[in-house]
Amino acid sequence: QWGMDGALRDHAQHMLPLCYYRPELAKSSLRFIMQNICTDGDIKYTYQAYGIATNLLWKTSDQQLYFFISLYEYLRITKDYKFLNELTHYYPRKANYQGSTFDKLLYSYTYLRDEINRGPHGLIRLFNSDWNDAVFHELPINKYYFEAESHMNSAMAIYIIPEWVKLLR
């Protein structure tokens, strides 16, 4: 209705039940997410209008984690490991770069490790729009940008990264 469909992490969460009863639709959702991954592994906050992915004024540090969990669950449930070799476009599509699902998984991990990184206590950094877009409701949006950390994102990473290592072996 408004030309914006929310954060791509929403698609990642909502497709999880589809892995069981509509795996092709789950796979289609994953393709949609992957076509919004940049070549550096960044996943823009939202997709709007005529194929424009943008962060608006938000910058998340959890999109990669939701991508990891949704792709992991799809593969764990369906055993469709050939999907790791499937090519999809990177964002922006008009650049016409493609990469495999596995490449996008690796680039997203590298982005999490090197760009999002960790805060002063060793937890994954919290940018300004993770889990709850109103987390900085009463504060200037970037006041704690370089020092805020996320217990939730760190917990997700502690769970999913070792699971990926086991799955890929």
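Here is how the numbers come out for the structure above:
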quantity: Distance violations [Cα-Cα > 23 Å] among Lys44/Lys166; Lys104/Lys143; Lys59/Lys104; Lys59/Lys79; Lys27/Lys104; Lys27/Lys59; calculated: Lys44/Lys166; Lys104/Lys143; Lys59/Lys79; Lys27/Lys59
quantity: Separation of the Tyr97 and Arg169 label points, Cα + 7 Å toward Cβ, nm; calculated: 3.2
quantity: Positive minus negative residues near Leu84 (Lys, Arg vs Asp, Glu; Cβ under 10 Å); calculated: -1
quantity: HN-Hα J in Hz across the stretch 64-75 - Karplus 6.51, -1.76, 1.60, θ = phi - 60°, x for Gly and Pro; calculated: 4, 5, 5, 4, 4, 5, 5, 5, 4, 5, 4, 5
quantity: Net charge of neighbours whose Cβ lies under 15 Å from the Cβ of Tyr20, counting Lys and Arg as +1 and Asp and Glu as -1; calculated: +1
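Here, each number is a calculation from the coordinates, and none is a lab measurement. Note that this is a predicted model, so its numbers are computed, not measured. FYI the Cβ positions are ideal-geometry reconstructions off the backbone, even for glycines, and counts take in every protein chain you see.
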